[in-house]
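Read the structure below first, then the notes.
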Amino acid sequence: MTETTRTRRRGPQLEQAILDAAWAELSDVGYPALTIEAVAKRAGTSKPVIYRRWPSRAALVVAAWATRRPISEETPDLGSLRGDLLWLFTRIAMRMDAMMSQTIAGVMSEAFKHPEVQEFLRERMDSAPLSESLWTIVDNAVARGELSPVAIPRRVLQLPLNLLRSEAIMCGTPLTEETLSSIVDDIYIPILKGLAVR
């Protein structure tokens, strides 16, 4: 890549090139061996350029992962709270499978050690389309009479991701249909119904 080409790439184009390079590097060498230097070389940029956008290797990998399988499709109304939740949990599980459990474990390990990574992950989770999808599913269930009106705390909105991430780390991926059904039936629906009662 020539210097002329490098200087032309700015903003979103450069960021996407870096994210693509990070994902390609992750796929080739795995999370433990991934370095910012290798990503910079693959993207045709420099380490300082990457660090200006992402504070750490973990933050870069999470951002790259977010571009792979975004939950962007419209949340369907399948006619039941259980069916809608299974649809959503399956989509999340597909993203977990795409990221690989060793990568999830590595990112979480860095989050424990580095406050800036924790903050980055919190921001990503708060801005994720997961919350919007869950509200749509709950609103549909309330409209059908399956649930009383319910206020969902922030931690309960994030719980599907946390539950599935824990399963992916402990048991590996892909998560089975039985696992997803159990999480929906034994954990999440009872929590929603309990919040509705309150």
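Of the residues that sit in the range 178-196 and are free of Cβ contacts under 8 Å to residues at least 40 places away in the same chain and of a type in the set (D, E, K, R), which one is farthest from ASN140 (Cα to Cα)?
GLU178
Among the numbered criteria (1) under 17 Å from the mean Cα position of the chain (by Cα); (2) modelled with pLDDT of 80 or more, which one does ILE71 miss?
(2)
Taking PRO55, is it at pLDDT below 90, surrounded by fewer than 20 Cβ atoms within 10 Å (Cβ to Cβ) and in contact with a helix residue (DSSP H, G or I) (Cβ under 6 Å, 6 or more places away or on another chain)? Break it down stepwise before answering.
On the way: at pLDDT below 90: yes; surrounded by fewer than 20 Cβ atoms within 10 Å (Cβ to Cβ): yes; in contact with a helix residue (DSSP H, G or I) (Cβ under 6 Å, 6 or more places away or on another chain): yes.
Considered against the rule, which asks whether it is at pLDDT below 90, surrounded by fewer than 20 Cβ atoms within 10 Å (Cβ to Cβ) and in contact with a helix residue (DSSP H, G or I) (Cβ under 6 Å, 6 or more places away or on another chain), PRO55 comes out as yes.
Determine, yes or no, whether SER133 is closer than 21 Å to THR67 by Cα, assigned to a helix (DSSP H, G or I), among the small types (Gly, Ala, Ser) and modelled with pLDDT of 75 or more.
yes
List every residue pair whose Cβ atoms lie under 6 Å apart, where the two residues are 6 or more positions apart in sequence or sit on different chains, the first residue falls within the range 149-163 and is touching a residue at least 60 places away in the same chain (Cβ under 8 Å) and outside the structural domain of ILE191 (by TED's automatic domain parsing), and the second residue, located anywhere, is surrounded by 11 or more Cβ atoms within 10 Å (Cβ to Cβ) and in a loop (DSSP other than H, G, I, E, B).
none
Can you pull out the helices (runs of 4 or more DSSP H) entirely within the range 136-198 that have at least 3 residues that are more than 17 Å from GLY79 (Cα to Cα) and aliphatic (A, V, I, L, M)?
154-171, 189-197
The values are calculated or read from the model by the stated rules, or taken from the named source; none is laboratory data. Worth saying up front: this structure is predicted, and the values here are computed from it rather than measured. Note: ideal-geometry Cβ built from the backbone for every residue, glycine included; neighbour counts use all protein chains shown.
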